[in-house]
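Beneath this line is the structure, given in structure tokens, with notes to follow.
Nothing in this text is a laboratory measurement; each read-out follows from the coordinates by a stated rule. Not measured: the values here are computed from a predicted model. Cβ: placed from backbone, ideal geometry, glycine included. Neighbour counts: every protein chain shown.
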Amino acid sequence: MKKILFILLLLVSCNPPARDSEDIITGKVVSVADGDTVTILTDADEQIRIRFYGIDAPEKGQDYGNKARLYLNDLCYGKRVKVEKKGVDQYGRVLGVVYVKELNLNQEMVRNGLAWYYDYYVEDPYMEELEKEARKQKLNIWSMKNPVSPHEFRKAKREKER
């Protein structure tokens, strides 16, 4: 039964519903800040910073932070992407699901154990399954005995700086 549910979720996620054109941003990736943030240059020569919706990748200086950034860089730097805009965060970054052709980069980062599924803000059973599978296979961050979430890493860093 779990396999059937997983396959159904996969089919639904591979065929996202049509969206209004104002919810879609396209452009070329000109910078990869870390494993969940890129900057794109739109056709109108506007630079837009994109924070990947529903995931949280390791921070710079954190275990697997550099590997996550390099992996995302290999997937998208210099390539055209489509972003399904989900909102804007408190720092003015567009929150979005990012695609290179048909590849969902948000899912790809979780699938490869290079990002946490951010279930605090998003409810997505397919992303939850991707994380469970990456944990089961002990991929990247999940190969560690006690991986520290980026949220906890940032919190500890702020407390040190006080």
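Values for this structure:
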| item | result |
| --- | --- |
| Helix-derived mean residue ellipticity, 222 nm - over the chain, DSSP H n ≥ 4, -39500 (n - 2.57), to 500 | -11000 deg cm²/dmol |
| Nearest-0.05 FRET efficiency for residue 162 and residue 77, computed from C-beta distance (R0 35 Å) | 0.45 |
| Region 16-146: Lys pairs at Cα distance under 15 angstrom, eight or more positions apart or on different chains | 6 |
| Among beta bridges that DSSP assigns inside region 15-146, antiparallel share in %, nearest 5 | 90 |
| Answer label for Cα extents along the principal axes in Å (calculated), chosen among (i) 45, 37, 31; (ii) 72, 33, 22; (iii) 49, 45, 27 | (iii) |
| Chain lengthening between residue 155 and residue 45 when straightened (0.36 nm per residue, less Cα-Cα) | 36.0 nm |
| Label-to-label distance, nm, for residues given as residue 144 and residue 122 (7 Å Cα→Cβ offset) | 2.1 |
| Only Lys, Arg (+1) and Asp, Glu (-1) charged, at Cβ; region 15-146 dipole about Cα centre in debye | 500 |
